[in-house]
1. Which pairs have Cβ atoms under 8 Å, sit 6 or more apart or on different chains, and link a residue in the stretch 248-264 that is touching a residue at least 24 places away in the same chain (Cβ under 8 Å) and closer than 15 Å to His25 by Cα to one that is among the polar types (S, T, N, Q) and assigned to a helix (DSSP H, G or I)?
2. Select from the stretch 22-63 the residues that are charged (D, E, K, R) and either closer than 16 Å to Glu276 by Cβ or crowded, with 21+ Cβ neighbours inside 10 Å (or both) and list them in ascending order.
3. For a quick check of your reading: which helices (runs of 4 or more DSSP H) sit entirely within the stretch 200-295 and have at least 1 residues that are within 17 Å of the chain's Cα centre (by Cα) and surrounded by 15 or more Cβ atoms within 10 Å (Cβ to Cβ)?
4. Any residue in the stretch 119-134 that's modelled with pLDDT under 80: show its pairings with residues that are among the basic types (Lys, Arg) at Cβ separation under 7 Å, as long as the two are six or more apart or on different chains.
5. If you take the residues of the stretch 135-166 that are of a type in the set (A, V, I, L, M) and farther than 19 Å from Glu276 by Cα, which of them is modelled with the lowest pLDDT?
6. Considering every residue within the stretch 229-242, establish whether at least one is touching a residue at least 24 places away in the same chain (Cβ under 8 Å), under 18 Å from Gly37 (Cβ atoms) and in contact with a Ser or Thr (Cβ under 9 Å, 6 or more places away or on another chain).
7. Filter the helices (runs of 4 or more DSSP H) completely within the stretch 58-175 down to those with at least 1 residues that are of a type outside the set (Lys, Arg) and in the same structural domain as Pro271 (by TED's automatic domain parsing).
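The values are calculated or read from the model by the stated rules, or taken from the named source; none is laboratory data. The model shown is predicted, which means the values in this text are computed figures rather than measured ones. With ideal geometry, Cβ positions are generated from the backbone for all residues, glycine too; neighbour counts draw on all protein chains shown.
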Amino acid sequence: MNNVLAADFVPIVDAVESRLLGKRHAATLTLAAFFAGGHVLLEDIPGVGKTTLAKTFAAVMGLDFGRIQFTSDLLPSDIVGVSYFDRKSGGFVLKKGPIFTQFLLADEINRSMPKTQSALLEAMEEHHVTIDGTSHPLPEPFFVIATQNPFEEVGTFPLPHSQLDRFLCSFGIGYPDPASERDILTGTRSAAGTIRPMITPDERRRYRKLVADVRLGEPLLDLLQRLIAFTRDSGLFTHGLSTRGALALTGMTRAWAALHGRDYAIPDDIPAVAGEVCVHRLNFKEGPTTVERIRRELFSNVPPDA
């Protein structure tokens, strides 16, 4: 399995990892989701670097950054904006909300009421919002990283399946490895200065096209369909992957191949991303649902060479 990033993407991942030591895989997954045109849900305990990943990624990619701190009293209009009557002009004026940005950090999204959470649905799926019956396009690209703390129960509202399904992939940051943590504690590799954009808007568009053009051969499509059918027919899960989930797995597979310098996908690309694509879409009927368990169950029961 070739797990070496293509030269074009190494500086991007290096820059993110300079602020998030030892988290190269998380940086690569975020990059793959961005070029696949999806959104990311980060689930982890406070203090492991979720916000740092989001801010650093926005800076590296040269994206306008916006942040919404979700709270129980947050209203949908606080996200999308409002239309109000301006006496000076004698007409209605749109006051845009913080969602009008290229990169949105939706911080602790599960602290807000379900009605407010759903205000993101149209934006994430359609890349526009509707205010007083009028549709307003969002900037391009439009990329969302949402964070939530899976261990907190008081004052939180679990995301419904329809909201979770809008995220292309979900994963945690995790604790740093011992060597990286030692560097953090001693300040040996502490980052200094401002991170500058590593790519231009034209390059962003070119890389997204590269991902969209990655070829999926018939054997690989057969494997994808066997995996999708297994989630629906095995009886292990409360429900199987939806069509949107199947498209998410295909999109991340393409992106992983492109990031590793290929214009075609190989079977090894699928397990590299399948756990993160499926963990928020599938629930085991018995026992915990984790990225590692999903990957193990899928590929022990559906071998690539079957």
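1. Leu259/Thr28
2. Matches in the stretch 22-63: Lys23, Arg24, Glu43, Asp44, Lys50.
3. On the way: elements: 201-212, 218-233, 243-259, 269-278.
Ranges flagged: 201-212, 243-259, 269-278.
4. Final answer for the pair search is Leu121/Arg166.
5. Start the filter on the stretch 135-166 by keeping residues that are of a type in the set (A, V, I, L, M), which leaves 138, 144-146, 154, 159, 164.
From what's left, farther than 19 Å from Glu276 by Cα: 138, 154.
Details: Leu138: 92, Val154: 59.
Across the stretch 135-166, the extreme among qualifying residues is Val154.
6. no
7. Numbers: elements: 76-80, 114-117, 119-126, 161-164.
It comes to none.
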